[in-house]
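Input: a single structure, listed below in structure tokens.
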Amino acid sequence: MPKITMQDIADALNTSRVTVWKAFNNRSGVSDTLRAQILQKADELGYSRYIPDPPSTAPTKHKTVALIVSRPESSIFWTNIIHQIAKEFSMCNMDLIYTYVPTTSNDGYTLPASLSDGTISGCIILNVYDIRIIRQINELEIPKVFLDTVTDLPPEELQGDLVLLEGRYTMFQLTNYILDHGYTRLGFIGDVHYAKTNALRYDGFKDAMHSRNLKINPDYCLDAPLELSNYDEQILDFLRKLPEMPQGFICASDYVAHVVQSYLVTQNIRIPEDIILTGYDGCTEHPALSQLSATVEVETATLGTRLARQLLFRMDNPVDSREIIYVISDIVHPSFCPTV
């Protein structure tokens, strides 16, 4: 007889596995009626990991989780996510330890001992894109939740859950929005080798162009690896060497769009009158980006909450199947995109 899982219970009641998990763990967000139905169905199906006894009154062991971060100072985008994660764990009376790792590592680098000495019950990994560090984190025998990952490591090899900002379909829609207004000579700027999310966004751009039988001019695209030490200058150098400007740039992030926009200002090139410029993230730290023809607004507080709750789920269900979770964000159009 096959093993009964929480998904089986969820399917039988037309609800979600997370809802079933909440019912088993007396978490908020589940009505008393639905909780009773879930517990009854678990008994009927013979769910082996659930014992329908009253919850223990013994105090739960205080837990500590780690937030593994590299370059947190790079953007308010990241600090907002970190702040929300801290709030979520604080409400659960759990300690959160901030654990810094470098942006790049050498062959002799090892992770901080606190991650493997038994004091950490789980970890969330943010803004870490060095493959050697990712591989070391991957070997930790604790529950893990990654936000994004490197392109050189297949997501299926991660020994933890992976949360990705959906980019392929979203960028496909965003690019089509620009194409619908008559702009067909478009370029893409973003290091697609750096992060899985950047690669997905580039795929969405290419999908939109190919769906209309439009050739992508490689002269308009900067998708090569970019060194963090002179990131801005490499983008500016690419722009300076362009033989001509395209009708628009689809950028992998709002920060990239900010760098492009700063160059366009020096050349007296107006957005959107002379060129279309789009981003991704919905960052508020660059006021000039209100001129963008489109961007994708990521709800950082919601994302922080989702990461924290996913780790809580994984800590309570360490042997359940690993998950790849796509978070879909909305496209916004800060400035009007005129028809050519």
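Mind checking which residues of region 143-162 are over 17 Å from H193 (Cα atoms) and crowded, with 21+ Cβ neighbours inside 10 Å?
Matches in region 143-162: P143, K144, V145, F146, G160, D161, L162.
Which ones in region 112-134 are among the hydrophobic types (A, V, I, L, M, F, W, C) and farther than 15 Å from F146 by Cβ?
A113, I120
Just wondering, is there one or more residues in region 300-318 that are in a strand (DSSP E or B), of a type outside the set (S, T, N, Q) and crowded, with 21+ Cβ neighbours inside 10 Å?
No, because not a single residue in region 300-318 is in a strand (DSSP E or B), of a type outside the set (S, T, N, Q) and crowded, with 21+ Cβ neighbours inside 10 Å.
Which residues, taken from region 15-45, are in a helix (DSSP H, G or I), hydroxyl-bearing (S, T, Y) and over 21 Å from R322 (Cβ atoms)?
Selection gives T33 alone.
Would it be correct to say that R212 is of a type in the set (K, R) and either in contact with a strand residue (DSSP E or B) (Cβ under 9 Å, 6 or more places away or on another chain) or under 16 Å from P246 (Cα atoms) (or both)?
No.
Would you say G108 is of a type in the set (G, A, S), assigned to a loop (DSSP other than H, G, I, E, B), farther than 14 Å from A66 by Cα and not assigned by TED's automatic domain parsing to the domain that holds F205?
So G108 passes the test.
Mind listing whichever residues of region 264-282 are surrounded by 16 or more Cβ atoms within 10 Å (Cβ to Cβ) and in a helix (DSSP H, G or I)?
L264
Which numbered condition in (1) in a loop (DSSP other than H, G, I, E, B); (2) in contact (Cβ under 8 Å) with a residue 40 or more places away in the chain; (3) surrounded by 14 or more Cβ atoms within 10 Å (Cβ to Cβ); (4) more than 23 Å from the chain's Cα centre (by Cα) is the only one that I235 fails?
So the condition that I235 fails would be (1).
Condition test on N176, is it part of a helix (DSSP H, G or I), of a type outside the set (A, V, I, L, M) and surrounded by fewer than 18 Cβ atoms within 10 Å (Cβ to Cβ)?
So N176 passes the test.
Could you list all residues from region 117-151 that are over 18 Å from E323 (Cα atoms), free of Cβ contacts under 8 Å to residues at least 24 places away in the same chain and either in the same structural domain as L226 (by TED's automatic domain parsing) or not in a helix (DSSP H, G or I) (or both)?
D117, G118
Of everything in region 179-203, what is in contact with a strand residue (DSSP E or B) (Cβ under 9 Å, 6 or more places away or on another chain) and buried (at least 20 other Cβ atoms within 10 Å of the Cβ)? Give them in sequence order.
Correct list: Y183, L186, G187, F188, I189, G190, D191, K196, T197, L200, R201, Y202.
The values are calculated or read from the model by the stated rules, or taken from the named source; none is laboratory data. This one's a predicted model, so the numbers in the text were calculated from it and none came from an experiment. All Cβ positions, glycine included, derive from the backbone under ideal geometry; neighbour counts span all protein chains shown.
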